[in-house]
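I have placed the structure first, in the form of structure tokens, so that the comments after it can refer back to it.
Every read-out reported here was derived from the displayed coordinates using simple, explicitly stated rules and does not represent laboratory data. Keep in mind that what you see is a predicted model, and the values were worked out from it rather than measured. Reconstructed Cβ throughout: ideal geometry from the backbone, glycine too, with neighbour counts over all protein chains shown.
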Amino acid sequence: MKYSADYTHIEMMIVAGSREISNGQILAVGTQWPIITAMLAKKTHAPDVAIFYEGGAVIGSIPDRIPLFTGDPCVASNAVLLNDSLDTLGMILHAGHPDIALLPAANVDKYGNINTTCFGDYSKPLFRLGGSGGACDFGSLAKRVITMLEHEKQRFPEKVDFITTPGYLDGSNSREESGLKPDTGPSAVITTLGIFRFDKDTREMYLDTYYPGGSVEEVKEGFQWDIKVSENLKVADPPTEAYIRVLREELDPLGMYLKDNRAKPILTL
Amino acid sequence: MKSKIMTMREAIRAFVNDGDVVYLGGFLQHEPYAAVHEIIRQEKRRLTVTKSAGMIALDQMIGAGCIDKVISTYIWNPLPKPAHALRRCVEKEIPHKIQMEDYSFLSLTLAYFAGALDLPFVATKTLLGSDFTKHSSFLGENKLKIVESPFNGEKVCLIAPLKHDVGIIQVQRVDKEGNAQAWGLMGDSKYGINSCSKVIICAEEIVDTEVIIKDPSRTIIPGFKVNAVVEEPFGAHPSYVSGYYDMDWRYFSFYDKATETLDGFEDYLKEWVHGVKDRSEYMKKIGKKTLEDLKPGPWSGSPVDYGYCGRFQEDYVS
């Protein structure tokens with residue numbers, strides 16, 4: 001096993017996310033980073049994970065080209081179940097089957113609450129985002145929720161403007177008090193600079209692990225509050241060469257995620 | 001029986017009225033873009049439109065001024081990029097103020113399910129704790145309620161049913177009676193389309209009832225609930241229809257760029273919606289080369305055999 005000497009922050013985030021996944025688990029997979037992260041795990045150390053997407057798909061094998069979102073047409077030719085949202089969000093997710101839910105986010109706050117609805121006041125927003133899709137359901141119902149996003153200060157307010165996807169709400173036992181099932185909720189937030197977990201009593205997010213070449217100062221700079229740091233602070237292992245090769249050569253040779261070619265505009269039709 | 005087969009223009013004129021509550025089916029595939037363009041051309045107004053994944057179909061209707069109220073879980077260009085007309089509308093009230101009701105995908109599917117079965121409500125454990133329980137828009141008290149379960153006292157969220165005056169979806173095939181068959185990623189479509197008083201089925205092709213009868217498990221709504229049948233090949237472009245055409249990624253990129261400004265959006269409508277008289281003219285503009293590119297490769301399974309059980313055992317009736 002040889003560590004890679006040449007990898008990006010995005011690749012480190014994806015590898016860190018995939019390391020949270022164990023073989024045989026059932027994964028509720030949201031759009032964007034979670035897609036490539038779950039596929040990396042399935043292609044390497046966790047070939048027997050079951051991956052499902054909100055719209056009604058359970059994935060049997062990895063498509064020839066990477067899906068750009070969870071409703072991508074290529075999903076239809078690699079599914080073992082392809083039906084509707086009550087099959088997946090209902091009889092799998094609501095029924096309590098997934099071990100992990102992987103989600104993207106625009107904003108995450110101190111207690112792991114996610115906002116993908118709007119910035120500013122909901123009734124008159126400054127910036128309107130897409131909305132929940134199935135994210136609220138993943139975050140409400142899954143046992144371990146892992147959120148993945150780029151480490152940028154504007155993404156980490158102390159309190160989100162709108163709780164699209166409930167984390168630990170106001171901390172302590174407020175999540176359970178809201179009526180959400182016990183033993184559900186955020187397990188980790190994984191960014192391009194580190195891995196964050198939640199205090200088991202206060203439910204506040206703290207820095208658990210940062211990446212090689214990074215620093216605590218750099219991590220802390222990316223938060224709008226003074227984020228706590230674990231007493232057992234760890235430094236992650238770099239990705240192995242094998243994982244980087246699978247990512248670049250097998251999963252995403254066109255750089256749709258790794259180089260963000262998804263949204264490249266074209267000028268003429 | 002009066003034929004239900006009609007043109008898109010006739011179907012929209014006959015069954016979509018100003019002020020209606022309209023369900024648009026499709027979840028990333030099966031999106032009824034041809035119908036959406038005809039609604040814009042006929043300048044329908046004051047609609048309440050519900051659609052799980054709003055995508056750019058709702059963006060176009062909002063920008064064109066057809067919609068006063070919208071119910072959705074997600075409105076975005078799938079690239080993923082903002083839906084520009086939606087943002088102009090919500091942030092700057094262009095072309096006019098709309099009211100928007102947000103749901104999560106599961107809760108919206110359950111609301112359709114309740115509507116389709118005419119249930120008084122469904123109970124769920126999703127949404128609890130989220131701000132969806134604190135902020136509602138035009139549905140007010142009629143959206144959801146948090147109560148204690150009468151069985152074990154735990155908190156549950158009750159979702160009210162959603163019903164629609166008219167529903168529209170683009171599916172793979174339909175017969176002249178309206179028995180509609182769809183397959184692939186289905187999202188909320190089966191529940192949504194069954195929660196509508198009037199139904200317009202747009203299909204890639206109209207087939208003989210014999211075809212439907214030989215594979216009836218694929219029918220999502222029986223013909224007796226359907227009012228209009230429209231044959232509209234490529235009616236879901238730029239979304240996709242499994243087995244018929246792939247998603248047109250380039251078109252979503254083009255739409256993103258083209259509609260970034262208000263002028264650009266209006267030019268888009270002028271050229272691609274008002275500038276064509278129907279879907280076949282639109283497809284001519286898309287061009288043969290793109291259509292060829294979007295043709296999927298084969299991915300057919302072994303055909304299923306439902307078996308023929310047309311007689312009793314001999315000694316059963318003697």
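Multiplying the residue separation of B:I206 and B:F224 by 0.36 nm and removing their Cα-Cα distance gives an extension gain of 4.9 nm.
Please state, as a whole number in µm²/s, the translational diffusion coefficient that the Stokes-Einstein equation yields for the protein assembly as shown at 25 °C and 0.890 mPa s, with Rh defined as the Kirkwood radius across alpha carbon pairs.
Details: Rh = 24.7 Å.
Reported coefficient: 99 µm²/s.
Near B:M100, the amide H atoms lying under 5 Å from its own belong to B:V70, B:F138; only residues 5 or more places off or on other chains count, and H is placed 1.01 Å from N. Exposed loop positions in chain B were taken to be GluC sites (Glu not before Pro) whose DSSP state is not H, G, I, E or B and which have at most 13 other beta-carbon atoms within 10 angstrom. Between these positions, the longest stretch is B:155-318. Given the C-alpha centroids of region A:49-91 and region B:204-230, what is the distance between them in whole angstrom? Cα centroid to Cα centroid, the span is 25 Å.
Taking the number of other C-beta atoms within 10 Å as the exposure measure, put B:L110, A:L102, B:L117, B:L28 in order starting with the fewest.
B:L117, B:L28, A:L102, B:L110
According to the Cα-based calculation, Rg over Rh for region A:57-111 is 1.03, with Rh computed by the Kirkwood formula.
I need the fraction of alpha carbon pairs in region A:182-269 separated by more than 23 Å, rounded to a whole percent. Of all Cα-Cα distances in region A:182-269, 46 percent exceed 23 Å. Structure remark: mean-square fluctuation, Gaussian network model of chain B, C-alpha springs under 10 Å; the largest value among B:S197, B:S217, B:S280 belongs to B:S217. Remark: spin-label model distance A:N173-A:Q224 equals 3.1 nm, labels positioned 7 Å along the Cα→Cβ axis.
In terms of overall dimensions, the C-alpha atoms belonging to region B:46-202 reach 47, 45, 29 Å along their principal axes, ordered largest to smallest.
Take the cross-link list A:K159/B:K125; A:K2/A:K43; A:K43/B:K190; B:K97/B:K143; B:K92/B:K257 and give me the ones stretching past 26 Å between alpha-carbons.
Values: A:K159/B:K125 24 Å; A:K2/A:K43 18 Å; A:K43/B:K190 34 Å; B:K97/B:K143 21 Å; B:K92/B:K257 20 Å.
Table pairs above 26 Å Cα-Cα are A:K43/B:K190.
The trypsin sites (Lys or Arg not before Pro) of region A:177-221 that DSSP puts in a loop, and whose beta carbon has at most 12 other beta carbons within 10 Å, are A:K200. Taking the inverse of the mean reciprocal distance over all distinct Cα pairs, the Kirkwood hydrodynamic radius of region B:127-252 comes to 17.0 Å. With Cα atoms as the point set, the radius of gyration and Dmax of region B:214-318 evaluate to 22.0, 79 Å. With contacts taken as Cα pairs under 8 Å and at least 6 residues apart, chain A reaches a relative contact order of 20 percent.
Over chain B, dividing the summed -39,500 (n - 2.57) contributions of all DSSP H runs of at least 4 residues by the number of residues returns a 222 nm mean residue ellipticity of -8000 deg cm²/dmol. Quote the relative contact order of region B:154-257 in percent (integer), defining contacts as alpha-carbon pairs under 8 Å separated by 6+ residues. Once normalised by length, the contact order is 30 percent. Every Cα-Cα pair in region A:9-251 was counted, and those over 35 Å apart are 10% of them.
Over every pair of different alpha-carbon atoms in chain B, take the mean of 1/r and invert it; report that Kirkwood radius in Å.
Working: mean 1/r = 0.0484 Å⁻¹.
For chain B, inverting the mean 1/r across all distinct Cα pairs yields 20.7 Å.
Each Cα pair under 8 Å and six or more residues apart adds its sequence gap; the mean of these over the residue count of chain B is a relative contact order of 20 percent.
Estimated from helical segments only, the mean residue ellipticity of chain A at 222 nm is -4000 deg cm²/dmol, where each DSSP H run of four or more residues counts as -39500 (n - 2.57).
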